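These notes are about the structure you will find just below.
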Amino acid sequence: MKSFHSTSLLIILLLFTISVKAQQTPGAIQKNAISIQGATLHNGKGGVIKNSRIDFNNGKITYIGQNNEKHPLATDTKIIKANNQHIYPGFVVPNSTLGLVEIDAVKASKDENETGSFLPHIRSLIAYNTESKVVESMRPNGVLIAEITPRGGRISGTSSVVQLDAWNWEDAYINKDHGIHLNWPSVYKRISHLDKKKKITQDLENYTKEVNKLTFYFEQAKSYRSKEIGTKSIAFEAVKPVFSGNKTLYIHANTKQQIADILLFKEELQIPKIVVVGGYEALSFASELKKAQIPVLVNRPHSLPRQDDEDYDAPFKLATQLTQAGLLVGLEPSGDMERMNARNLPFYAGTCAAYGLSKEEALQLITYNNAQILGINSNYGSLEVGKSATLFISEGDALDMRGNKLTHAFIDGRAVSLKTHQTKLYDRYKNKYKK
Amino acid sequence: MRNLLTYFGILLLFTTAKAQEYFPKNDGVKSRYDAYTLYQNAIIHNPNEKPFKGDLLVFKGKIVKIAKQIAVEDNYISINLDGKHLYPSFIDLTSEFGIKKPTKEQAKKGNGYDATRTGHYWNDHIRPETNASHFFEYEEEEAKKLLQIGFGVVNTHYPDGIMRGTSSLVSLVKNQGAIQSIIKKKASTVLSFDKSILSNQMYPTSTMGAMALIRQTYLDANWYKNNISDYQDLALEALIKQENLPQIFITDNGLDELRAIKIGEEFGKKYLVKGNGFEFENLSTLRKMGNTIIAPLDFPKPYTISHPHVAEKISLKKLKRWDQAPANLMLLYKNEIPFTITTHGLDDLSSFKSNLLLAIKYGLPQEVALASLTSLPAKLLRQNNKIGSLHTEKLANFFITDTPYFNENSNVLAHVVQGKLHNLNALETLNIAGKYSVNHKDFPLSLVYGPEKKQPTKLLWNEEEIDFKHKQLGKDQTLVFEIPESNEMGMYRLLIEAPREKKRLNIWLNTPNGKQRKLTAVRDENFKKKQAKNEQEDLEKPNFSPISFPNMAYGFKTLPETKKFLIKNATLWTNEELGIIENYDVLIKDGLIHKIGRDLSSRNAIIIDATGKHLTSGIIDEHSHIAASAVNEAGHNSTAEVQMEDVIDPTDINIYRNLAGGVTTIQLLHGSANPIGGQSAILKLRWGHQPDELIFKQAPKFIKFALGENVKQSNWGNGYRFPQTRMGVEQVYIDYFNQALAYEQEKNNNSTYRKDIELETLLEIVRSKRFISCHSYVQSEINMLMKVAEQFGFTVNTFTHILEGYKVADKMKKHGAGASTFSDWWAYKYEVNDAIPYNAGILHNQGVVTAINSDDAEMSRRLNQEAAKTIKYGGLSEEDAWKTVTLNPAKLLHIDKYVGSIKEGKHADLVLWSDHPLSIYAKAEKTFVDGKLYFDLEKDKLLRAQNNTLKNKLIQKTLDASQSGSETQDVVEDEKILMHCDTLEERI
């Protein structure tokens, strides 16, 4: 009776888990050492090892080398044969809004844009929904790490970097409150909306006003001393670490005027870490940006040129041009349908390879470079001994749609589920028609 | 000269009195005296005639005699014009003179869908009952400006609505006793694509809706005419009465211009079309159609390039238009396209003449300009018995100029309208432009006058320019200045008497020590000659940048031609039994795939070495919204009457970008605002051609349907429109198909049935003569539509989007529907919560013909990549994956007989890829449509370079123009709004 009771309870529990909680259970902490053997390994920093071997234990990479080299295996090592397959570091997606919005057209599911203008204290991390169906759909494409970024206003708020297989946001973060996102004022203003076209014209007067306002805000923040004031300014407290380099300032900007002024802004306020997000016209200031050590997160290449006259492949080749000019370049996915499209990050990189970069350079954009730009490169973004075992195995070239088929993925050595709401529906209906 | 002016004054008194008047005189006694006015010694200019020196006699507002010499009788007032020039008053066909535009505040507010008027048509934007004369009020100031530039007669209308009613032809003269300004109350009927501001009725929200509405209104008028109706429709009755009037269609862009002409053609109406001034972009169609163009002269101003970053934001299209606009009239003339000239669109009337002269400088003959301002508009309004030239029995409407009108410095001195004289420019009767010098050794002064200025532009002392202050004192002028090397310290004052003759000026000089001297400044004849010489140089025809097809970046100098191409050693993706085959050749001839084989050879074919490359048939996008000026007609829940073919925009740069992505054919679909949308346009991407030339001629008829969140207006609307739920959507279909069947009955049994273009279209669907492409997401509604179709005995051809198709793939297969889906889109709204990227795979495996589409201008240029995702997600073979963007959409569109595979005899719509076409690394290197090379990577490089060169040249030119003092306009960048299914654009 008792045993029946417990069995039925188990069944009920099991059913409950399956029917109510559609999301995947995060992988358990790595218990056994794992050795993947025979694959082509792409280390994310340009290096490739054919017929490789990579071992990891307790979440850390312990060995990387040729498969045929004699190197002792740890006891109880689980061996994964991966001949003719490829190993990559987990892809890193910066400037994403994953987990902040579930369905674009349902207002109740949107948590990306707080009201107000200067909101450095707003923290994306606490709103990040680890159980989002959109988040889990990243993993089967190799996207394992994301920056969760608030949107809107002049200063949107503070972002954090998370790994995409967690129970809650505290498990998830790997770089907490690491950056502030600033939308640089626009040089252009909309003047009308006629004839299916938005009319845009330069408005330097208002622009200058807005830039001055912004600069003044940062000057205030810089001079802010919490001890001298009765009530703490939570906003300035949030900005303060930007001046010490403990936080990165991500400035969203595209036009020449903006980028020229950001260069001045950096110098005037002595802000150690600035990243330009977007950078559509950054090429004109490549040498200045390089000198100021400002990296650029290029917007997804799967975009249209902004003006009729531009080269049809302008967005395809921008990352290549900036890389060749010596800048540190990453790729970011913002724009229409940015969340669900974030899983196409590898194909954004693949496109860059079609337009000038080598495949390994293109890969680096979304691995080591993005990790550097997010300040997590000491542990993530490349496959090196001692770093986190956050990686995946793909049947083929993961930057190409035909080859991007994951068989295994690991985050900090934990085997991650590649099932999703979508694969489950697939299985269900495949089976329906089999019967 | 003084004499002439005095006469003008007297004349005013007399002309107020004319015979047979029936208006009471309330402020005095009626004069019974009618004066004959004789204008003597004028150079009389008439269109299409040689100017001659003669006299002209006016009586009771009309010209009674015109001859080389008319003997003076004692009841004549004669005015000696002494060689001045007489021209018939210009006529403006599209004027809003004397009409106050309505304001939004006057609008009737309804529920947004129903008409708000009683006893009028079902649509508030059809207002043919409007007559301009009811709103007309003479505006003296405005009239003065028009008279000044030569216009004496205008055809004015009430600028509101799609059918705007009748215009009135009026003389620019104030009503006074017997002088009444209206020549013809209903001179023409006026149309536009713009809705009335006086109603908030939504329909039509788009240009295609406006076009459908005009068509239906014409049909209804025809029906109404022949039937006894139980009620009166005052709008249709008014329209019927206007049938034989001249028809004027006002548009503001070149594509709308072609659209207006097209509707007119369908109903046997040759509209006079007010254009946008860039007619040179569509010369081939305009020449073919032969409509008269009412051309504006509002040439774009050069751009203000105040900031270096701004220059590159001006599109090449805008720069070219600025550069080319003055050549428009010349090009119309050269292409034998008739035109008149309007002031419509000019914000500053004083630029009319300078722009007209500029057009002449660019090659428009003066006599053509004159005719297009006088005799031609008169003839078009069928009023050439009254106006348009100077002949007996016509109205005495003419103006007097000092030198020939088309001279740069000529002035309109007076304008006679219906015999009444407006004295415009008396002070400027003497044009003293030139240099006048005082030949006195103590006072070596000279004055230089410019052509348009009354005051001197320069003061010279010993030929050295010195500064001066100027003051006008009545007709005289004073100048105050210092003389640098003078012994006398202080200010000199110079009084210039009003000039009486051109030869000399009388001046009085007050020296600083208080002495006054009278001096004479004599005209320097040599100076004038020097200037004339400069003018001669100016006469050289100006250059303008070549017109390309389309007239913008990446436009062709000449359209691509059909050539013989032999593509050697390619890997062929045939989509046929041959499968994917290496080292194969394809011969393209006469626009078709002529031959496929190994080691083909052909004399005089252009050989393309395709070793290591892949050749496929062109990509077909089943769901596209590029190349369109509109997407949704959202005014009704069924808009089966609207046609995407009406709103093709062949100048959308995305056509070129799609070609660069290997796309050759698209279905341009209506949006998803309504359960029953509009008719599709199936297009080939023939970049550079006229709108209608893009249409895929052999393609069958299609229509867009839509289900779900968009049609029930989930996130917008006021809740009035049915349906607001999926339950209602079903009933919409059943109701409309029943209406269509009832209509069929009526049509078969009643010879005078009312033709309804919406129901005609719906009937085609029920009778399987038109196929449906239905926007759809969730399984319930997909199933519903199939059941409704089965109930009415037809098949749903295609479900587009169809993101839950995988849930009902078996049912779709059974019904016979195809699927056209996204590769991996989801999560953008609630109804796509269960959308999965494996959808295409399941559908395909269930035997449903499955295509991958874009619905997006960005994705459409990478459809090869989207097709490849079916390999990743659905496990399709490479060959099957490739078919999802080529053969399968061709099948869905029923054009697989012509395109979709590489087969002898099919259209040569081919793409040469640098790499495996499904790989992320592949680039389209060459894209052929109909055997013509529309995109070529090598040519693209060349075009980029040419664009840059031309752009730099034109930016330099615009800089030069602004530096030489031309008025400029701010740079405004157009950001395209990329259209999707749910783009709702309101035509204002």
Residue match in segment B:855-870 (condition: buried (at least 23 other Cβ atoms within 10 Å of the Cβ), among the charged types (D, E, K, R), touching a Cys at 6+ places or on another chain (Cβ under 7 Å) and within 18 Å of B:ILE619 (Cα to Cα)): yes
Residue under evaluation B:ASN715, criteria (1) within 14 Å of another protein chain (Cβ to nearest Cβ); (2) farther than 25 Å from B:ALA809 by Cα; (3) modelled with pLDDT of 95 or more, criterion not met: (3)
Among the candidates A:ILE271, A:ILE294, residue that is over 19 Å from A:LEU345 (Cα atoms), more than 13 Å from chain B (Cβ to nearest Cβ), more than 19 Å from the chain's Cα centre (by Cα) and β-branched (Val, Ile, Thr): A:ILE271
B:ASP649 vs. criteria among the charged types (D, E, K, R), more than 30 Å from B:TRP122 (Cβ to Cβ) and either modelled with pLDDT of 95 or more or out of contact with any Pro (no Cβ under 6 Å at 6 or more places or on another chain) (or both): no
A:GLU69 modelled with pLDDT under 95 and of a type in the set (Asp, Glu): yes
Leading residue by the ranking (surrounded by the most Cβ atoms within 10 Å (Cβ to Cβ)) among those in segment B:834-843 that are more than 25 Å from A:ASP397 (Cα to Cα) and more than 7 Å from every other protein chain (Cβ to nearest Cβ): B:LEU843
For B:LYS976: the one exception among (1) within 10 Å of chain A (Cβ to nearest Cβ); (2) surrounded by 15 or more Cβ atoms within 10 Å (Cβ to Cβ); (3) modelled with pLDDT of 90 or more: (3)
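Inside segment A:394-422, can you point out the residues that are in a strand (DSSP E or B) and either surrounded by fewer than 22 Cβ atoms within 10 Å (Cβ to Cβ) or among the small types (Gly, Ala, Ser) (or both)? Before the answer, list the steps.
Going residue by residue through segment A:394-422, those that are in a strand (DSSP E or B) are A:394, A:406-411, A:414-415.
Listed by number, the residues that qualify are A:SER394, A:LEU406, A:THR407, A:HIS408, A:ALA409, A:ARG414, A:ALA415.
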Enumerated strands (runs of 3 or more DSSP E) restricted to segment A:269-384, each holding at least 2 residues that are touching a Gly at 6+ places or on another chain (Cβ under 9 Å) and at pLDDT 95 or above: A:296-299, A:329-332
Number of the exception - B:GLU488 against (1) surrounded by fewer than 16 Cβ atoms within 10 Å (Cβ to Cβ); (2) out of contact with any Pro (no Cβ under 8 Å at 6 or more places or on another chain): (2)
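Got a sec? Which strands (runs of 3 or more DSSP E) wholly within segment A:63-181 have at least 2 residues that are touching a helix residue (DSSP H, G or I) at 6+ places or on another chain (Cβ under 6 Å) and surrounded by 19 or more Cβ atoms within 10 Å (Cβ to Cβ)?
Here the list reads A:91-96, A:155-163.
Among the residues of segment B:284-317, which ones are aliphatic (A, V, I, L, M) and closer than 16 Å to B:PHE339 by Cβ?
B:LEU286, B:MET289, B:ILE293, B:ILE294, B:ALA295, B:LEU297
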Which listed residue is touching a residue at least 24 places away in the same chain (Cβ under 8 Å), assigned to a loop (DSSP other than H, G, I, E, B) and either touching a strand residue (DSSP E or B) at 6+ places or on another chain (Cβ under 8 Å) or surrounded by fewer than 23 Cβ atoms within 10 Å (Cβ to Cβ) (or both), from B:LEU245, B:LEU219, B:LEU239: B:LEU245
Segment B:921-942 residues that are more than 10 Å from chain A (Cβ to nearest Cβ) and of a type in the set (Lys, Arg), paired with ones that are crowded, with 20+ Cβ neighbours inside 10 Å and not in a strand (DSSP E or B) (beta carbon under 7 Å, 6 or more apart): B:LYS932/B:PRO560
Verdict on B:THR949 being under 21 Å from A:HIS302 (Cβ atoms), away from every other protein chain (no Cβ under 11 Å), out of contact with any Cys (no Cβ under 7 Å at 6 or more places or on another chain) and not basic (Lys, Arg): no
Subset tally (residues that are over 30 Å from B:PRO917 (Cα atoms) and not β-branched (Val, Ile, Thr)) for segment A:372-404: 15
In segment B:594-610, the residues that are part of a strand (DSSP E or B) and more than 43 Å from the chain's Cα centre (by Cα): B:LYS595, B:ILE596, B:GLY597, B:ASP609
Out of B:GLY618, B:GLY612, sole residue that is away from every other protein chain (no Cβ under 14 Å), out of contact with any His (no Cβ under 6 Å at 6 or more places or on another chain), surrounded by fewer than 24 Cβ atoms within 10 Å (Cβ to Cβ) and under 20 Å from B:LYS923 (Cα atoms): B:GLY612
Check on A:LEU425, in contact with a Cys (Cβ under 8 Å, 6 or more places away or on another chain) and either without any contact (Cβ under 8 Å) to a residue 12 or more places away in the chain or farther than 26 Å from B:TYR806 by Cα (or both): no
Wholly within segment B:64-156, strands (runs of 3 or more DSSP E) carrying at least 2 residues that are modelled with pLDDT of 95 or more and under 20 Å from B:ALA187 (Cβ atoms): B:90-95, B:151-156
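From the list B:LEU785, B:LEU762, which one is in the same structural domain as B:GLY805 (by TED's automatic domain parsing), assigned to a helix (DSSP H, G or I), at pLDDT 95 or above and more than 33 Å from the chain's Cα centre (by Cα)?
B:LEU785 is the lone residue from the list that is in the same structural domain as B:GLY805 (by TED's automatic domain parsing), assigned to a helix (DSSP H, G or I), at pLDDT 95 or above and more than 33 Å from the chain's Cα centre (by Cα).
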Members of segment A:213-238 found to be assigned to a loop (DSSP other than H, G, I, E, B) and of a type in the set (Val, Ile, Thr), listed by number: A:ILE229, A:THR231
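The values are calculated or read from the model by the stated rules, or taken from the named source; none is laboratory data. Predicted model, so just to flag it, every value in this text is computed and none were measured. All Cβ positions, glycine included, derive from the backbone under ideal geometry; neighbour counts span all protein chains shown.
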